[in-house]
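Here's the structure, in structure tokens; my notes come after.
The values are calculated or read from the model by the stated rules, or taken from the named source; none is laboratory data. Bear in mind that the values here come from a model prediction, so they are computed numbers and not experimental data. Cβ atoms come from the backbone with ideal geometry, glycine included; neighbour counts cover every protein chain shown. Areas reflect the complete protein model, heavy atoms only, side chains present, ligands, DNA and RNA absent. Shrake-Rupley method; radii C 1.70, N 1.55, O 1.52, S 1.80 Å.
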Amino acid sequence: MAKTHNVTEFIFLGLSSNQLVQKVCFVIFLLLYVAIVLGNFLIVLTVMSSRSLGSPMYFFLSYLSFVEICYASTTAPRLISDLLAERKAISLWGCMSQVFFIHLFGGTEIFLLTVMAYDRYVAICKPLSYTTIMNRQACAFLVGAAWVGGFVHSLAQILLVFRLPFCGPNVIDHYFCDVLPLLKLACSDTFLVGLLIVANGGTLSVISFVALLASYVVILLHLRTRSSEGRRKALSTCGSHITVVTLFFGPCVFIYLRPSATLSVDKMVAVFYTVITPLLNPVIYSLRNAEVKKAMERLWVRAMKPEER
């Protein structure tokens, strides 16, 4: 192991080398991370405490919000602390752990979004069988399958990267450890490994995205026979999910479905899918969903009652 891993730590270049820019970014990303945690935690708490949000759609939404918190927490705290640090270093094992958890939670989110699309398909296209198909056991199985799928995806990624020899240099032109920046630092031919990484990460994103698009095409075709009010209500419930899917999958496909080379714009794209998308999730689902807003209002009223007494 020592012969192939002479490097014991990696150095991040971060988002910027300008001290003033780093201080401004520190304040911005700290506020964004707090908003991500509080916003998504509020959705989890609202779904768990509200009887009106007992349908499978909200069950999956609560797990999606939990995964968003975990996903953002793999990169944002490190980014925030490094913005004030002179030397942005991470150990080899810390770097590999970050790669593993990024792809664990990212892969789980991809599968959860696919499961949520299937839930909307059953609810709209097979309404009479909805409660039978999407029963408690089925929902728990689908969530478990999403976690298993994310774990298998992440395990494949980390095994490909960990076997690479790192003998210098050790400077990563990024703000977190990921497979593509690490490929540039390996002191061996990474062409085959790069293809396998693209096949694993990129293909997963594309296949899931195509499956999602296909499900919504079927839904739209099915809605042609519905009344205008039925179409409006169905499209309203699907609109939030389509928005989240587009915001998450777009950057992921851009990053992972291309040759193993890093571009200057990659860091900005990474900020979008590791910070901005988890932030937008609670905003999109709460502002576009009347039931969620009403449940949040009731939760707020119950929380204020002890103080009124």
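Summary table below
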read-out	value
Reference-scaled alpha-carbon Rg (2.2 N^0.38 Å with N residues) for the stretch 20-147	1.32
Solvent-free Debye scattering, log10 I(q)/I(0), computed from the Cα coordinates of the stretch 57-124 at q = 0.17, 0.19, 0.21, 0.27 Å⁻¹	-0.69, -0.78, -0.87, -1.14
q = 0.18, 0.19 Å⁻¹, the stretch 152-234: log10 I(q)/I(0) [Debye, one scatterer per Cα]	-0.79, -0.85
Rg/Rh ratio calculated on Cα atoms of the chain (Kirkwood radius)	1.01
Order of exposure, largest accessible area first, which applies to Trp93, Trp147 with probe 1.4 Å	Trp93, Trp147
The stretch 1-112 - percent of accessible surface contributed by carbon and sulfur, probe 1.4 Å	70
Gain in span if fully extended, Leu20 to Val217, counting 0.36 nm per residue against the direct Cα distance	66.1 nm
Estimated inter-spin distance, Ser73 and Val27, nm [label 7 Å along Cα→Cβ]	2.8
Candidate residues Arg120, Arg87, Arg224: accessible-area rank, largest first, probe 1.4 Å	Arg224, Arg87, Arg120
Accessible area per residue in Å² at 1.4 Å probe, computed on the chain	50
Candidate residues Glu86, Glu291, Glu68, Glu297: accessible-area rank, largest first, probe 1.4 Å	Glu86, Glu297, Glu291, Glu68
At least 18 Å along the helix axis (C-alpha) and Kyte average at least 1.6, DSSP helices within the chain	19-49, 203-223
Heavy atoms of Tyr216: accessible area, 1.4 Å probe, square angstrom to 10	30
Estimated FRET transfer efficiency (Ser91, Ile276; beta-carbon r; R0 25 Å; 0.05)	0.35
